[in-house]
Amino acid sequence: MKYLNSYKLFESKSMLDSNIISDIMVDIIDLGYNCHVETDWWSEEGRNGINICIYGIDEYDKKIGCDVGYIYPDDVLETIERLVDYLKSEGYDLDEIGKKEVELIKNCGTGSKLHLDREWPKNRDVKKRTGTNSQVTFRFDEEKNKWKVCYSLGLYFRES
């Protein structure tokens with residue numbers, strides 16, 4: 001009986017189905033990106049969270065001499081925006097670091113507010129800080145003539 005009473009208490013507090021997130025992410029997964037979704041469920045009100053990590057596609061980097069994972073903003077931006085909109089409609093907000101990272105990625109393409117070709121040197125990595133212990137690293141791809149994000153992109157959503 002004690003179990004049934006406590007079950008009823010938490011009955012209304014549920015976690016979002018992460019399969020819906022994978023359905024949204026399928027567009028970039030089909031391009032070769034790997035994604036990891038982790039959900040955190042807490043019994044306290046407003047503590048549920050969702051961690052999403054997008055891992056870059058491995059490419060051989062001549063400068064470094066090994067494979068490095070790269071994310072091309074044009075490939076992922078539309079999916080990320082759809083994901084943010086969906087999770088917002090479900091009561092989850094992107095944390096401040098994630099908002100800064102998404103804004104930087106939005107602003108690195110041609111025609112954006114901050115066009116990297118004009119503002120940043122193409123011959124070296126550009127690191128933009130998004131928090132005390134976080135940053136986004138951009139590298140210019142000479143063959144494709146566009147900027148790419150190095151390694152991975154982590155987004156954390158918390159229930160509002």
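Key figures
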| read-out | value |
| --- | --- |
| Amide proton proximity set for ASP58, modelled H, under 5 Å, gap of 5+ | TYR70 |
| ³J(HN,Hα) computed for each position of segment 18-34 - Karplus, 6.51 cos²θ - 1.76 cosθ + 1.60, integer Hz, glycine/proline x | 6, 5, 5, 5, 5, 5, 5, 6, 4, 4, 7, 5, 5, 7, x, 7, 9 |
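No lab work stands behind these numbers, since they all come straight from the coordinates. Since the model is a prediction, treat every value here as computed from it, not as a measurement.
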